[in-house]
Structures are given as C-alpha cells and as structure tokens.
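Asks: Before anything else, here's the structure in question.
The values are calculated or read from the model by the stated rules, or taken from the named source; none is laboratory data. Remember, predicted model here, so these are calculated numbers, not experimental data. FYI the Cβ positions are ideal-geometry reconstructions off the backbone, even for glycines, and counts take in every protein chain you see. The protein model used for the area step is the full one, side chains on, heavy atoms only, and it has no ligands, DNA or RNA in it. Shrake-Rupley method; radii C 1.70, N 1.55, O 1.52, S 1.80 Å.
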Amino acid sequence: MKKILILLAVCPVFLLNSFAVTKSLKLGGKDGWHDIQKLDGVTEGKGRFGYPSIELVRNSPAVSDYTDMLLHFENGEMVDSSGRYKVISNDFILTDDAAFGKGAALSRGTGHGMLLEGSRDSMFGGGGRIGSFSIEFWLAPSISENGERFFSWRSSRTVGDYPVYQTITATFFNNHLEWRFSNIFEGYSKNKGEVLISGTTTIIPDSWTRHKVSYDEESGLLEYSVNGVAESMEYLTSTGHEGGDIYQMVLGVPAYVSLCPQYTGRLDDFRIIKMMSGEVAHIKKSDNPFADSRFELYKIDGGRFLTKPIKVMQGSVLTSIDAIMDVPSQTSVQMYIRAGDNYFGWTDDSPEWIPVEQGKTLAGIAGSFFQFAAELLPDGGGRVTPSITQITLNYDEISPPLPPFSVKAESGDGCVTITWSHSADESAGGYYVYYGNRPGEYIGRYALEGSSPVNAGKSTSITLSGLKNGSLYYFSVASFSNYDDRIIGPFSKEVFARPKK
C-alpha cells in the first residue's frame, strides 16, 4: 500500500517533467514593447544596448490660464504652446538630450537664437502694468563664458514726455547667471533705476540646472532661485525690505523677446507665468503657479505599466522571470504576474497579481494566458528613474501528444465505427474523435454520442450512431495529454465513410 501511495504522489510531477518543453517569451528588447496594454506615469525611453526601455515620465509644466509662454520642444515643435507668442526667427536645433521628456533646444551661439513676438494679451506684447510674474527654465550651457547672453528684451516707455529705455537681460558672469532690470520698476531710482540679482551656484558645463526669476507685486519681492533654492532677492519697495510702498513693474512699447542671442548650450521647458493683482487670493494654495515647492524630476509615487494577456499553450507553467533593467540606488522596480485560462472575465484585481523577483524559481502560476505588470519608483528626491529594457518569461509548456498513426472508418446502418491505433506518444492520455460533413470541417452535431469532438477516453474505437444513411461523413482522431485533457495534439489523417442499410 505504501508503494502505491508513493507512486500516486510522484506521478503528476513525473508527467510534468517528462512531457514539458522549456520555452521563453521576451517582452521589450530589440523588438520593442508591442504587447503593452496600459501605461500610467511611464513612457518609452532608451535602455540597454540602445533598445527601447520603459521608464518614468518626467514632470513637465503644462499650459494653464496663467501661462504666458511655454516652449517645451517636444515632438519636434519649436512653437509657444500658450499661443501668445509667434516665432519670428529661430536658429535652434532640436536635440533629444533633454531635461524633460524627449526634446530640448540646442543653441550654437553663432546666430540670433530665437526671436518671439508677443500678442496684445502677453507680458511682452501688451505693455503697461504687468502684475506678478515668473520666468522659469532649464539650462545646460556648453561653456558659460563671460558675456554670454541668454535672455534679452529691449524697449522704452515715456515718462513725463521723455523716453526712458528699458531692458531685461540675463548674462553669464564668472559662471553665474545675472539678471538686470533697467527702468522696469516704476518710481525706483536707486542705481539709476537698475536692479541686479545674481545666482551663487556655479553653473557646470553640460549639466542641467533649473532657473527661476520671479516678482510678487503684492510684496515687491524680486527673487532668483537655482534648483529650487533662493540665491538672490531684492524688495522693490520704498524701505528696501518687506513693507512700504511697492514699485510696480511697468513695461513700455511692445518689443521682441530674444532667447539665447549669444549662448552656446541647451535649453528646455522655458516658461513664463503672469498673474494680475488679486488673482492669487482666488486660487487654492496647491494650484498657485508661483508656489516654489521642492522640485521633483519624477513623481515620487512612480508609475506602472502592464502588458496585454499573452497567449501560451494550455497548461503552461511559469518557472522564472529574467529582466534586463537599470535600478539605480534608492530606486525600485516591483514586478507582478498573473495567469489563467480565459482572460475575458479578468478584472483589475482578479486573477490575483503575484509579486515575482528576477531569477527566483516560481511555482503555482499556470494557465493559457500570462499577464505581466511592473511598478517603477524613483529615488527619494524624485531625481532618478529606474528603467526596464527587457523581460523574459520562462515557462514549461506541455507538449501536445502525437495522433494515432492508423485510422479506419467502417460504415453501418445509420452509424460509422472508427478504429485507430494507440498513439506512439507516451504522454497521450486519451482520444478525441472529430467528425463533419465536409473535408477538414469537423463541426458535426448529429451523432447520438455527442457533437464533435467526442471524447473516446483511452479506447481505440468508437461507433457514432444516429447518422443519416447515404450521407458522406469525414473523421479524424487527435490525442489529448495525460497531464491535461485540454492539451490536444494535431489531427490524424482524415478518413471517410457513408452509412447504409
């Protein structure tokens, strides 16, 4: 009795190992990610060996009611997404070496950069009192030499019947960016009407830095920050600090905005925000476009993607997962898999997603469909993303058994007896008999023994009755697996017979 029990316990494992063929299914890699069903917070990038990878989407400013200008340089575009500025001339070259997304502008310093003309409702195209504003952008200069001019606006306004020249410029000096505002703030007369604010962070060539200059008309604060850290500020007030009369920003005759007229390097996501007095009080704090919260290149809550349910052979068993991916320090990739036989009834949570790890042996994950998902999480500062170049699903597929070599059909009165030889395949657990009225079309529904195919079990013959005398019927036999009767092998040769009295 003990020996029999041992044989029964070992038999299923023996069958699986004897009749299984190890196969691999690759996702991504050189052929790309064609089986993706859903992307949430992730996008396609460039991974190992130059192959497409899945990585986190970078944060990028969007157009809002307060956006005065937005140049994001995505999708080959060299236009202002807010629609308020028209590009008059442009010497920029598009590059994929970007701070955000997949596009940035490259200025060679040999032309005039980009020249833009604002509409009447824009900051530099309408003139008059401006209100609060911010100018924000990313820079990666090639050399940052003294005198390289990144931003320039030159105009004039009439004060007491006399013309007064106005300029706003941003120029490199000693590897820092300096902003000069000349005769911009009404009533301000110190330093001949010139305000200078300069960063303290040394700008490193070919390294991206985030810059922001802003003015708050409610407090008179003019501030310059680099990478989210305030480095220079001036209160444009009668007291020189918070409180007192505020010198408002007033622009004169509309004039062109010149970006990178004498600058060599890259520029990305150039944005101007403008808001008139009182508008800040009517919006939620979380929606304030001037709020300078800690900047995250990638969202801290990360992103996720999942593939379509991928068809494999019935009864396939997942054994392990291999991954080609980059997971920098503090980042994480969490992988999941689920399997089943009919994905049409699947929901977001059923079948259950099973956490898996690269290279570890898996058990109990089997079905006709596999579906893969992964969560990508950045580092704690939101500055670095992991990426996945390729996923390989390794699984055991139960080979379908060979059909019987010999099949015969013998006519009878309203019936046909089909006989066949045993399959030469040891994995055959039984036989299905297929029948129909046309060659190769086994969709019969007439036999008393059931519709096609009829399960004959382990028998090597069956009589199908209830057939119409004089009609011609076609038959074929297929073996099914001893491991799972849903794993069916190829058809045998076709035979035919015509029932008669």
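Asks: In this structure, does Val213 turn out to be under 24 Å from His72 (Cβ atoms), among the β-branched types (Val, Ile, Thr) and assigned to a strand (DSSP E or B)? Before the answer, list the steps.
Replies: Values: under 24 Å from His72 (Cβ atoms): yes; among the β-branched types (Val, Ile, Thr): yes; assigned to a strand (DSSP E or B): yes.
Answer is yes for this residue.
Asks: Next question. Step by step: first the residues of segment 253-297, then only those that are in contact with a helix residue (DSSP H, G or I) (Cβ under 6 Å, 6 or more places away or on another chain) and open to solvent by 40 Å² or more (accessible area, probe 1.4 Å), then the one that is modelled with the lowest pLDDT. Which residue is that?
Replies: My answer is Lys274.
Asks: Of the conditions (1) open to solvent by 40 Å² or more (accessible area, probe 1.4 Å); (2) modelled with pLDDT under 90; (3) closer than 17 Å to Ser152 by Cα, Gly76 satisfies every one except a single condition; which number is it?
Replies: Answer for Gly76: the failing condition is (3).
Asks: Looking at segment 329-368 only, could you name the residues that are open to solvent by 30 Å² or more (accessible area, probe 1.4 Å), in contact (Cβ under 8 Å) with a residue 12 or more places away in the chain, among the polar types (S, T, N, Q) and part of a loop (DSSP other than H, G, I, E, B)?
Replies: Ser329, Gln330, Asn342, Gln358, Thr361 - these are the residues of segment 329-368 that are open to solvent by 30 Å² or more (accessible area, probe 1.4 Å), in contact (Cβ under 8 Å) with a residue 12 or more places away in the chain, among the polar types (S, T, N, Q) and part of a loop (DSSP other than H, G, I, E, B).
Asks: Give me a count of the residues in segment 219-262 that are touching a residue at least 60 places away in the same chain (Cβ under 8 Å), closer than 18 Å to Arg129 by Cβ and among the polar types (S, T, N, Q).
Replies: So the answer is 1.
Asks: Does any residue in segment 422-450 that is of a type in the set (A, V, I, L, M) come within less than 9 Å, Cβ to Cβ, of a residue that is open to solvent by 90 Å² or more (accessible area, probe 1.4 Å) and part of a loop (DSSP other than H, G, I, E, B) six or more places away or on a different chain, and which pairs are these?
Replies: Pairs that qualify, where the first residue is of a type in the set (A, V, I, L, M) and the partner is open to solvent by 90 Å² or more (accessible area, probe 1.4 Å) and part of a loop (DSSP other than H, G, I, E, B), are Ala424/Leu402; Ala424/Phe405; Ala428/Leu402; Ala428/His422; Ala428/Lys458.
Asks: Confirm whether Glu218 is of a type in the set (D, E, K, R), closer than 28 Å to Leu70 by Cβ and not in a loop (DSSP other than H, G, I, E, B). Working first, answer last.
Replies: On the way: of a type in the set (D, E, K, R): yes; closer than 28 Å to Leu70 by Cβ: yes; not in a loop (DSSP other than H, G, I, E, B): no.
Spelling it out, it is not the case that Glu218 is of a type in the set (D, E, K, R), closer than 28 Å to Leu70 by Cβ and not in a loop (DSSP other than H, G, I, E, B).
Asks: Kindly establish whether Lys408 is over 24 Å from Gly315 (Cβ atoms), part of a loop (DSSP other than H, G, I, E, B) and in contact (Cβ under 8 Å) with a residue 40 or more places away in the chain. Don't jump to the end; show me each part of the working.
Replies: Numbers: over 24 Å from Gly315 (Cβ atoms): yes; part of a loop (DSSP other than H, G, I, E, B): no; in contact (Cβ under 8 Å) with a residue 40 or more places away in the chain: yes.
For Lys408, the condition - over 24 Å from Gly315 (Cβ atoms), part of a loop (DSSP other than H, G, I, E, B) and in contact (Cβ under 8 Å) with a residue 40 or more places away in the chain - is not met.
Asks: Residues in segment 70-102 that are in a loop (DSSP other than H, G, I, E, B) and more than 20 Å from Lys212 (Cα to Cα): how many? Steps first, please.
Replies: Let us first name the residues in segment 70-102 that are in a loop (DSSP other than H, G, I, E, B), namely 72-84, 91-92, 96-102.
Still in the running and more than 20 Å from Lys212 (Cα to Cα): 74-79, 83-84, 91-92, 96-97, 102.
The total comes to 13.
Asks: Would you confirm whether any residue within segment 452-462 is more than 22 Å from Leu402 (Cα to Cα), open to solvent by 10 Å² or more (accessible area, probe 1.4 Å) and not in a strand (DSSP E or B)?
Replies: Residues of segment 452-462 more than 22 Å from Leu402 (Cα to Cα): none.
No; the residues of segment 452-462 include none that is more than 22 Å from Leu402 (Cα to Cα), open to solvent by 10 Å² or more (accessible area, probe 1.4 Å) and not in a strand (DSSP E or B).
Asks: Taking the conditions exactly as written (aliphatic (A, V, I, L, M), surrounded by 20 or more Cβ atoms within 10 Å (Cβ to Cβ) and assigned to a strand (DSSP E or B)), does Val250 satisfy them or not? I'd like the intermediate steps shown before the answer.
Replies: Working: aliphatic (A, V, I, L, M): yes; surrounded by 20 or more Cβ atoms within 10 Å (Cβ to Cβ): no; assigned to a strand (DSSP E or B): yes.
Against the criterion (aliphatic (A, V, I, L, M), surrounded by 20 or more Cβ atoms within 10 Å (Cβ to Cβ) and assigned to a strand (DSSP E or B)), Val250 does not qualify.
Asks: Given the options Glu234, Glu242, Glu194, Glu218, name the one that is out of contact with any Asp or Glu (no Cβ under 7 Å at 6 or more places or on another chain), open to solvent by 50 Å² or more (accessible area, probe 1.4 Å) and closer than 19 Å to Met123 by Cβ. Give the derivation first.
Replies: Numbers: Glu234 fails: closer than 19 Å to Met123 by Cβ; Glu242 fails: closer than 19 Å to Met123 by Cβ; Glu194 fails: closer than 19 Å to Met123 by Cβ.
Of the residues listed, the single one that is out of contact with any Asp or Glu (no Cβ under 7 Å at 6 or more places or on another chain), open to solvent by 50 Å² or more (accessible area, probe 1.4 Å) and closer than 19 Å to Met123 by Cβ is Glu218.
Asks: So which residues in segment 132-186 are open to solvent by 30 Å² or more (accessible area, probe 1.4 Å) and within 35 Å of the chain's Cα centre (by Cα), if there are any at all?
Replies: Ser142, Ile143, listed by residue number.
Asks: Tell me which residues, restricted to segment 373-396, are surrounded by 21 or more Cβ atoms within 10 Å (Cβ to Cβ), within 15 Å of the chain's Cα centre (by Cα) and not in a loop (DSSP other than H, G, I, E, B). Show your work before the answer.
Replies: As a first pass, look at segment 373-396 and keep what is surrounded by 21 or more Cβ atoms within 10 Å (Cβ to Cβ): 374, 376-378, 385-391, 393, 395.
Checking the rest, the ones that are also within 15 Å of the chain's Cα centre (by Cα) come to 374, 376-378, 385-390.
If the condition is that a residue be surrounded by 21 or more Cβ atoms within 10 Å (Cβ to Cβ), within 15 Å of the chain's Cα centre (by Cα) and not in a loop (DSSP other than H, G, I, E, B), then Ala374, Leu376, Leu377, Ser387, Ile388, Thr389, Gln390 are the ones that fit.
Asks: Something else now. Would it be correct to say that Ile462 is modelled with pLDDT under 95 and of a type in the set (A, V, I, L, M, F, W, C)?
Replies: Details: modelled with pLDDT under 95: no; of a type in the set (A, V, I, L, M, F, W, C): yes.
Here the answer is no, as Ile462 does not meet what is asked.
Asks: Over 30 Å from Arg210 (Cα atoms) and at pLDDT 95 or above: is that true of Gln314 in this structure? Lay out the reasoning, then the answer.
Replies: Numbers: over 30 Å from Arg210 (Cα atoms): yes; at pLDDT 95 or above: no.
The answer is no for Gln314.
Asks: Please determine, by comparing only the residues of segment 398-415 that are more than 30 Å from Asn469 (Cα to Cα), crowded, with 18+ Cβ neighbours inside 10 Å and out of contact with any Leu (no Cβ under 8 Å at 6 or more places or on another chain), which one is modelled with the highest pLDDT. Full working, then the answer.
Replies: Here is the first cut: in segment 398-415, the ones more than 30 Å from Asn469 (Cα to Cα) are 398-402.
Narrowing the set further to residues that are crowded, with 18+ Cβ neighbours inside 10 Å leaves 398, 400-401.
Remaining after also requiring out of contact with any Leu (no Cβ under 8 Å at 6 or more places or on another chain): 400-401.
Details: Pro400: 85, Pro401: 89.
Per the criteria, the residue is Pro401.
Asks: So is Thr158 within 30 Å of Leu297 (Cα to Cα), outside any helix (DSSP H, G or I) and hydroxyl-bearing (Ser, Thr, Tyr) or not? Show your work before the answer.
Replies: Values: within 30 Å of Leu297 (Cα to Cα): no; outside any helix (DSSP H, G or I): yes; hydroxyl-bearing (Ser, Thr, Tyr): yes.
Spelling it out, it is not the case that Thr158 is within 30 Å of Leu297 (Cα to Cα), outside any helix (DSSP H, G or I) and hydroxyl-bearing (Ser, Thr, Tyr).
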